[in-house]
1. Using 7 Å Cα-to-Cβ label points, what is the A7/S184 separation (nm, one decimal)?
2. Tell me the mean residue ellipticity at 222 nm calculated for the chain from its helices only (DSSP H runs of n ≥ 4, each -39500 (n - 2.57), averaged over every residue, nearest 500).
3. Find how many whole Å separate the alpha carbon centroid of segment 131-201 from the alpha carbon centroid of segment 38-58.
4. Roughly speaking, what is the centre-to-centre gap between segment 7-24 and segment 86-101 when only Cα atoms are used, to the nearest Å?
5. Need one value: the accessible area of I8 in square angstrom, 1.4 angstrom probe, rounded to the nearest 10.
6. For E44 and E16 in one chain, what is 0.36 nm times their gap in residues minus the Cα-Cα distance, to one decimal in nm?
7. Equivalent-ellipsoid semi-axes (√(5λ), Cα gyration tensor) for the chain, whole Å, largest first?
8. So for the pair E23, A142, with labels modelled 7 Å out along Cα→Cβ, what separation do we get in nm?
Amino acid sequence: MKHQAWAIELEHLGVEISPSGLETLAAYEGAVCERAIPRGFVGEGDVGRLWERHIRDSLRAVPYLHSDARVADLGSGAGLPGIPLSIAMPSCSFTLVELRRGRVAFLESVVDDLGLTNVRVFLGKADRVEGRFDVCLARAFADPAGSWRAADPLLQEGGRLIYWAGTGFEESGLGELGISWRVSTPSGLAESGPLVIMGRQ
């Protein structure tokens, strides 16, 4: 029943996930509840709303990823948004970038438990990651300027940063970065701020 409700909600976002993918998302939700929340990787107050506040919110980026994109999740933490997106987009490759060892250990165990063969975990700062990416993700990572500075060296030509902005986000500060951007306002998700898609001019 839960999976059916999730599928309907995602359909409204333009996101379609297979039944097996929904089962994997549910297994990930369980892992966050059982292992990440007790260790403080996700706030204890979110225990009853992991789906809407974190997993569904992460999946809003699906329409902005092409089918074989190389993606870096900056400051992945408990795997948000990278792990839900890797489940929804199995043809994309994801690198979860995380500086803190405890979170890296959690990410590695979840990736292994869920059989996510399109995901690798990187322990260290973003500026130490090798390779170039089509897309970088920044959710609860830094402010827009800090997120762009971290993402820019990692993006290949034409690459983009997808930034999860808060509900009070204002575009005025972006002009100083010398970038192009567009803002995608969520439909029917009053608790969510916009996604800001940034790229080089």
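1. 2.3
2. -8000 deg cm²/dmol
3. What the calculation gives is 22 Å, centre to centre.
4. What the calculation gives is 18 Å, centre to centre.
5. Approximately 90 Å² of I8 is accessible to the 1.4 Å probe.
6. 7.2 nm
7. 24, 20, 16
8. 4.1
The values are calculated or read from the model by the stated rules, or taken from the named source; none is laboratory data. Remember, it's a predicted structure, so these values are computed and weren't measured experimentally. When we count neighbours, we look across all protein chains shown, and the Cβ atoms used for this are built from the backbone with ideal geometry, even at glycine. Protein only, heavy atoms only, side chains kept; ligands, DNA and RNA dropped before computing areas. Shrake-Rupley method; radii C 1.70, N 1.55, O 1.52, S 1.80 Å.
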